[in-house]
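A.B. asks: Please find one structure pasted underneath; my questions will follow.
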Ligand code: RP5
């Protein structure tokens, strides 16, 4: 049986952790092995490229990259791997995260980054889970159960309004 793939959660600074920990929590709730690192496209460029270049052989299946301001981290990691890279633009500047959103999403052709909303850590984790679930039926089942719970929660709130 093939080993379960890990998700790498990389943040550009430890100041991003309050947002990023929501992704880590969501991945752990889904019983997905996760490894978190602080690594910067600008402050530790050699470490970032080495990590991404060896991520596949080190057992990762998806990389999540969170960064604010001139948010080049997800793009730089994506440049060094064929693994799917999910970018979380972080709201950490006077521009309210719009800078990071544009820097993360506006990738040149050939190097895709799947970008979620500003501070969209939970959806980054769920998207990573859905990617891994393509080849993991048990994980797909846990995701389906989570969706069902979400639906039932909304239906209960609707029913309460009608009572
Ligand atoms: C980005 O700059 C980081 O991802 C962070 O969002 C922002 C500020 O970093 P610090 O100055 O707080 O370390 O690279």
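A.B. asks: Which peptide among 82-88, 118-124, 149-155 comes first, and what is the full order, when sorted by highest mean count of other Cβ atoms within 10 Å? Present the calculation step by step, with values, prior to reporting the outcome.
C.D. replies: On the way: 82-88: 23.6, 118-124: 21.0, 149-155: 10.0.
Result, highest mean first: 82-88, 118-124, 149-155.
A.B. asks: Rounded to the nearest 500 deg cm²/dmol, what is the calculated helix-only ellipticity per residue at 222 nm for the chain, with -39500 (n - 2.57) per DSSP H run of length n ≥ 4?
C.D. replies: Taking each H run of at least 4 residues, the total per residue is -15000 deg cm²/dmol.
A.B. asks: Normalised by the residues of the chain, what does the relative contact order come to in percent, with Cα pairs under 8 Å and at least six apart? Could the numbers behind the result be given before it?
C.D. replies: Numbers: 294 pairs, mean separation 35.3, N = 163.
Worked out over the chain, it gives 22 percent.
A.B. asks: Only bridges whose two residues both fall in the chain count here: according to DSSP, what percent of them are antiparallel, nearest 5?
C.D. replies: Percent antiparallel among DSSP bridges in the chain is about 0.
A.B. asks: Okay, moving on. As I understand it, the value is the acute angle between the Cα axis of helix 121-133 and the longest principal axis of the Cα atoms of the chain; what does it come to in degrees, rounded to 10?
C.D. replies: The two axes meet at around 90 degrees.
A.B. asks: If I build a Gaussian network model for the chain, linking alpha-carbon pairs within less than 10 angstrom, which residue out of 35, 57, 21 has the largest mean-square fluctuation?
C.D. replies: Of the options given, 57 has the highest mean-square fluctuation.
A.B. asks: Ok, one more. Mind pulling the angle between the C-alpha long axis of helix 17-29 and the longest principal axis of the chain? Nearest 10 degrees, somewhere in 0 to 90.
C.D. replies: 50
A.B. asks: Next question, about the same structure. Compute the acute angle (0 to 90°) between the alpha-carbon long axis of helix 137-162 and the principal axis of greatest extent of the alpha-carbon atoms of the chain; round to the nearest 10°.
C.D. replies: It is inclined by approximately 50 degrees.
A.B. asks: While we're looking at this one, here's another question. Sort out for me the Cα centre separation of region 10-40 from region 112-156, rounded to whole Å.
C.D. replies: Distance between centres, Cα-based: 16 Å.
A.B. asks: P(r) of region 6-136 in 5 Å steps, Cα pairs, percent per bin?
C.D. replies: 2, 13, 24, 26, 21, 10, 3, 0, 0
Since every read-out is calculated from the coordinates, none of them should be taken as a lab result. It should be emphasised that the depicted structure is a prediction, and the values quoted were computed from it without experimental measurement. Because the Cβ atoms are built from the backbone with ideal geometry, glycine has one as well, and the counts that use them run over all protein chains shown.
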